[in-house]
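Colleague: Structure provided below as structure tokens; questions to follow.
The values are calculated or read from the model by the stated rules, or taken from the named source; none is laboratory data. Predicted, not measured: the structure shown is a model, and the values here were computed from it. Methodologically, a virtual Cβ is constructed for each residue, glycine included, from the backbone with ideal geometry; neighbour enumeration extends over all protein chains shown.
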Amino acid sequence: MIVVLEGEEEIGSPHIAEVVRAHRDQLRADLVITSDGPVHESGRATVELGVRGVLSFELRARGANRDLHSGNFGGIAPNPIWTLVHLLATMKSEAGEITIDGFADGIVPPTEAELAAIARLPLDLPAAMAGLGIDRLDAPAGRGYYARLMTSPTLTINGLHGGYGGAGSKTVLPSEAVAKCDARLVVDQDPDAVFAAIAAHVARHAPGVEVIHQGAMAPSKTPLDSPYLAPVVAGVRAATGEEPLIVPAMGGSLPEFVWTETCATLHAA
């Protein structure tokens, strides 16, 4: 048995791929098991066969060379916050559709077996929504709870910063604005290709905005017909005394691509 301890997952695991490449002979294995991820709401153990990837990036818009008075200069100097607001509105529609050309290239739809596994996962949707304090799911409508987490990419605005956000008011015309964003990716989206699509979209719609790559992790998935699934499930069943849930993919991201892609490719070579 080989044990790998990796402590950089919360910062995007920037070095694990090069470590795997450098130590490929020591890391040869038929099966890799990672212990991570949230506990299912039911409390039952889960066997998860995949993860979504993630791409983090920043959009930075600039106006004047300093913050200005919105009365003395309003209508003269462009407002970089409005620049980002208009740009972001071109990237995702109100109906929830990501409208960046090339963003969804390469996506492999779920198999019938994966859809069946997703349908078997227990869910009390009203309770889940109540626990989150929401009265509706995010757009688009008509997509299942687990399908949203496992089979669909996302585009998230993590934060929008610029100007004055303190108590009271300040009639400032900001000189700079920043949007921090991430995209969760599904198999087989390529993070580099997605970033290139985003950069091209920004260049078309707001050519003065800077696009900064902050980090990425590719998606990964093991097929449900893997010969290792049955013995793993049997082991979990024996340890917990109950049947584990089979989860085709988790919504979050882990560097599993180093085993399903990087390491597998190295070994094949």
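Colleague: Being crowded, with 19+ Cβ neighbours inside 10 Å and either farther than 29 Å from Arg21 by Cβ or within 22 Å of the chain's Cα centre (by Cα) (or both) is the requirement here; does Pro219 meet it?
Modeller: yes
Colleague: Which residues, counting only those in segment 211-250, are part of a loop (DSSP other than H, G, I, E, B), closer than 24 Å to Glu10 by Cβ and of a type in the set (S, T, N, Q)?
Modeller: Result: Thr222, single match.
Colleague: Which of the residues that make up segment 86-112 are without any contact (Cβ under 8 Å) to a residue 12 or more places away in the chain and among the β-branched types (Val, Ile, Thr)?
Modeller: Matches in segment 86-112: Thr99 only.
Colleague: State whether the residues of segment 176-187 include one that is at pLDDT below 95 and under 30 Å from Leu224 (Cα atoms).
Modeller: Checking segment 176-187: at least one residue is at pLDDT below 95 and under 30 Å from Leu224 (Cα atoms).
Colleague: With (1) aliphatic (A, V, I, L, M); (2) over 21 Å from the mean Cα position of the chain (by Cα); (3) outside any strand (DSSP E or B) as the list, and Ala177 as the residue in question, which single condition is left unmet?
Modeller: Of the numbered conditions (1) aliphatic (A, V, I, L, M); (2) over 21 Å from the mean Cα position of the chain (by Cα); (3) outside any strand (DSSP E or B), the odd one out for Ala177 is (3).
Colleague: Continuing with the same structure: Evaluate the following for Ser35: is it of a type in the set (Ser, Thr, Tyr) and over 24 Å from Val108 (Cβ atoms)?
Modeller: So Ser35 passes the test.
Colleague: So which of Gly102, Gly106 is of a type outside the set (A, V, I, L, M), surrounded by fewer than 18 Cβ atoms within 10 Å (Cβ to Cβ), outside any helix (DSSP H, G or I) and at pLDDT below 95?
Modeller: Answer to the check: Gly106.
Colleague: Can you find a residue in segment 179-201 that is touching a strand residue (DSSP E or B) at 6+ places or on another chain (Cβ under 9 Å), acidic (Asp, Glu) and either free of Cβ contacts under 8 Å to residues at least 12 places away in the same chain or exposed (fewer than 14 other Cβ atoms within 10 Å of the Cβ) (or both)?
Modeller: yes
Colleague: When you go through Ser70, Ser93 one by one, which is the residue that is surrounded by fewer than 18 Cβ atoms within 10 Å (Cβ to Cβ), of a type in the set (Gly, Ala, Ser), touching a strand residue (DSSP E or B) at 6+ places or on another chain (Cβ under 6 Å) and farther than 24 Å from Met250 by Cα?
Modeller: That would be Ser70, the only listed residue that is surrounded by fewer than 18 Cβ atoms within 10 Å (Cβ to Cβ), of a type in the set (Gly, Ala, Ser), touching a strand residue (DSSP E or B) at 6+ places or on another chain (Cβ under 6 Å) and farther than 24 Å from Met250 by Cα.
Colleague: List the residue pairs whose Cβ atoms are under 7 Å apart, where the first residue sits in segment 65-85 and is farther than 15 Å from Ser169 by Cβ and part of a loop (DSSP other than H, G, I, E, B), the second is among the hydroxyl-bearing types (Ser, Thr, Tyr) and modelled with pLDDT of 95 or more, and the two are 6 or more positions apart or on different chains.
Modeller: Once the first residue is farther than 15 Å from Ser169 by Cβ and part of a loop (DSSP other than H, G, I, E, B) and sits in segment 65-85, its partners that are among the hydroxyl-bearing types (Ser, Thr, Tyr) and modelled with pLDDT of 95 or more give Asn65/Ser175; Arg66/Ser175.
Colleague: Contact list please: Cβ distance under 7 Å, first residue in segment 33-52 and touching a residue at least 40 places away in the same chain (Cβ under 8 Å) and surrounded by fewer than 16 Cβ atoms within 10 Å (Cβ to Cβ), second residue in a loop (DSSP other than H, G, I, E, B) and among the hydrophobic types (A, V, I, L, M, F, W, C), pairs at least six apart or on different chains.
Modeller: Within 7 Å, the pairs are Thr34/Leu254; Asp36/Leu254.
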